[in-house]
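The values are calculated or read from the model by the stated rules, or taken from the named source; none is laboratory data. If you're wondering where the values come from, they're calculated on a predicted model, not measured in any experiment. In this analysis, Cβ positions are derived from the backbone assuming ideal geometry, glycine residues included, and neighbour counts consider all displayed protein chains. For the accessible areas, the whole protein counts, side chains as well, though only heavy atoms, and no ligand, DNA or RNA atoms are used. Shrake-Rupley method; radii C 1.70, N 1.55, O 1.52, S 1.80 Å.
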Amino acid sequence: MRADAARNLELVLSTGARMLAADPAASIAAIAAEAGVDRRTVYRRFASREELLAAVYQARLDAIEGAIGAARLREAPVSIALHRYVEGIIGVNRKWPVELSRMTADTDAWARRNRAVDEVEAFIQRCVDEGFLRSGQPAGWMGAVLGHLLHLGGQQLLEHSPAQAADVLVDTFLNGCGA
């Protein structure tokens, strides 16, 4: 793919993510106009809104998987891995704000999402095993709390860089759920 075509695709996808998060009925024409490209450019790549939305979901999943990989949840020290993960996901949430729960019909994407959730849940269990988090909480509870904190951090701490927002979220998470 040419550099300008790749740049336009990235712009259409990130603009689409932002607009579809704000208005799930946003049209391809509106997304193209906001992205500063001709709607025909978008239609050459995506035959329908559903195809564009599927591509946005895939881009978000790619970014999530990248953040999980960069955090090194299995091998980095827990405090470092947690901060890297939170910082990465805040960046993902800001760039790709679409909610993945709307993609349940796409079984491949849903399976990717579930693998990411399982990876984070295994990391949270590691946090418990290493004494960073209390044991005895209901299954999935701390992962849900972390997920909600990440969502809030991406929306409410906009004046903070992702690293600064991660400082706030990790402190909140560990001191709210910590051992």
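Quick notes on this one:
- Accessible area of the chain belonging to carbon and sulfur atoms, whole % at 1.4 Å probe: 53
- Of every Cα-Cα pair in the stretch 74-139, the percent that sits beyond 18 Å: 50
- The angle separating the long axis of helix 3-22 from the principal Cα axis of greatest extent in the chain is about 70 degrees.
- Cα gyration tensor of the stretch 8-67 - equivalent ellipsoid semi-axes, whole Å, descending: 18, 12, 10
- The stretch 92-179: proportion of alpha-carbon pairs further apart than 22 angstrom, %: 34
- For peptides 18-25, 167-174, 138-145, sequence by mean Cβ density within 10 Å, most packed first: 167-174, 18-25, 138-145
- For the chain, the solvent-accessible area of protein heavy atoms averages 53 Å² per residue (probe radius 1.4 Å; ligands and nucleic acids excluded).
- Here the chain is described by how far its Cα atoms reach on the three principal axes: 55, 35, 30 Å, from widest to narrowest.
- The listed residues L9, L73, once ranked by accessible area (1.4 Å probe) with the largest placed first, stand as L9, L73.
- Averaging Cα coordinates gives a centre for the stretch 88-144 and one for the stretch 19-72; these two points are 22 Å apart.
- Dipole orientation for the chain: of the candidates P77, L20, V168, L20 has the Cα lying most toward the positive pole (charges on Cβ; Lys, Arg +1; Asp, Glu -1).
- On Cα atoms only, tilt of 107-129 relative to the major axis of the chain in degrees: 20
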